[in-house]
1. Got a sec? Which strands (runs of 3 or more DSSP E) wholly within segment 100-189 have at least 2 residues that are more than 14 Å from the ligand (Cβ to nearest atom) and either surrounded by fewer than 21 Cβ atoms within 10 Å (Cβ to Cβ) or touching a residue at least 24 places away in the same chain (Cβ under 8 Å) (or both)?
2. Give the residues of segment 42-70 that are under 16 Å from residue 98 (Cα atoms) and within 16 Å of the ligand (Cβ to nearest atom), sorted by residue number.
3. May I ask you to list the residues in segment 24-51 that are modelled with pLDDT of 95 or more and not in a helix (DSSP H, G or I)?
4. Of these, 346, 317, which one is modelled with pLDDT of 95 or more, surrounded by 20 or more Cβ atoms within 10 Å (Cβ to Cβ), within 21 Å of the chain's Cα centre (by Cα) and under 28 Å from residue 78 (Cβ atoms)?
5. Please indicate, with yes or no, whether at least one residue in segment 143-153 is in contact with a helix residue (DSSP H, G or I) (Cβ under 6 Å, 6 or more places away or on another chain) and closer than 23 Å to residue 228 by Cα.
6. Would you pick out the residues in segment 197-223 that are under 10 Å from residue 70 (Cβ atoms), surrounded by fewer than 22 Cβ atoms within 10 Å (Cβ to Cβ) and out of contact with any strand residue (DSSP E or B) (no Cβ under 6 Å at 6 or more places or on another chain)?
7. From (1) away from the ligand (no atom under 16 Å from the Cβ); (2) part of a strand (DSSP E or B); (3) over 22 Å from residue 140 (Cα atoms), pick out the condition that doesn't hold for residue 74.
8. Given (1) touching a helix residue (DSSP H, G or I) at 6+ places or on another chain (Cβ under 7 Å); (2) surrounded by fewer than 21 Cβ atoms within 10 Å (Cβ to Cβ); (3) outside any helix (DSSP H, G or I), identify the lone condition not met by residue 91.
Ligand SMILES: *Cc1c(COP(=O)(O)O)cnc(C)c1O
């Protein structure tokens, strides 16, 4: 690839010295599970989000499952989530034995549509799970109101939104709890799998901690049937170093997104993403919409440009969720968007020249 979708090597160069020093300490002290690095990162991430608690876990899917369980979601409960998301949002509900209830998204931002949520909420609803997709904060005020009226918790899927804000308040701090992912390609990415639950609720934090540690708060005293989902100490070292740079990296993402907006303004047939009023989005993905998307995507790949589709199939049309019985036509906005969306390379180290090459290639493909 001449122009990759994400550039993890460039990130690594910036943190290399800190990571090496931190790893040396981990190996010297053989603090392989838990230890000071995990505690330091949890405290730093909680502070960054302005929440009381951060519990590091093994990955983002576990984080969502644990957050939902701690929020009281039980087998058979319905969990309302957007049809346009990464499959993990639905998997987290399924793994509890709850039933994912996908709903349509709004045509402008492709985020969970509050009107659709209102229509989907019923007596069996156990939680609402908005996804801050592509680094855009979901319309939380409206969704929180729906959740409060229904008497159910709101649990954010904040896997794509580290550092994003709405009216100054960080994504991952709005709901009863939030699950996030530090998969390497996320805005804050580890050197492997990692995730976290953030919350202001001490009981939720404690339950997540207990569930993630084999259901025990004290060694060999098992109060719940839990699992093993720990934030790896090595990953905590990497995350600590990268968290210090996250605000700067997000700023560069915003600059690159603005520049794409300017460069693409002159290209007919391309709809560029914009931020909702009050949002400081962090552009985990920069998703444009074009007709004949597959032809444009092929042209980008032929030019060595790492464009992608996020996501080609809405949740309800995947094989995994065929059993929900929601066929084509169930969610027209999400379905139509899945044929037009195109993620252009966007990361903190993208250069102006690279962006110009991407836009030129898109323009030529559309001509
Ligand atoms: C990445 C991601 C997850 C899952 O995270 P993993 O760490 O891969 O388990 C969940 N939801 C969304 C929206 C994601 O992008």
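The values are calculated or read from the model by the stated rules, or taken from the named source; none is laboratory data. Since this is a predicted model, take the numbers as computed values, not measurements. Ideal geometry is used to build each Cβ from the backbone, glycine not excepted, and the neighbour counts take in all protein chains shown.
1. In segment 100-189, 125-128 are the strands (runs of 3 or more DSSP E) which contain 2 or more residues that are more than 14 Å from the ligand (Cβ to nearest atom) and either surrounded by fewer than 21 Cβ atoms within 10 Å (Cβ to Cβ) or touching a residue at least 24 places away in the same chain (Cβ under 8 Å) (or both).
2. The answer is 61, 62, 63, 64, 65, 66, 67, 68, 69.
3. Listed by number, the residues that qualify are 50, 51.
4. On the way: 346 fails: under 28 Å from residue 78 (Cβ atoms).
Selected residue: 317, the only one of 346, 317 that is modelled with pLDDT of 95 or more, surrounded by 20 or more Cβ atoms within 10 Å (Cβ to Cβ), within 21 Å of the chain's Cα centre (by Cα) and under 28 Å from residue 78 (Cβ atoms).
5. no
6. 201, 203, 206 - these are the residues of segment 197-223 that are under 10 Å from residue 70 (Cβ atoms), surrounded by fewer than 22 Cβ atoms within 10 Å (Cβ to Cβ) and out of contact with any strand residue (DSSP E or B) (no Cβ under 6 Å at 6 or more places or on another chain).
7. (2)
8. Exception for residue 91: condition (3).
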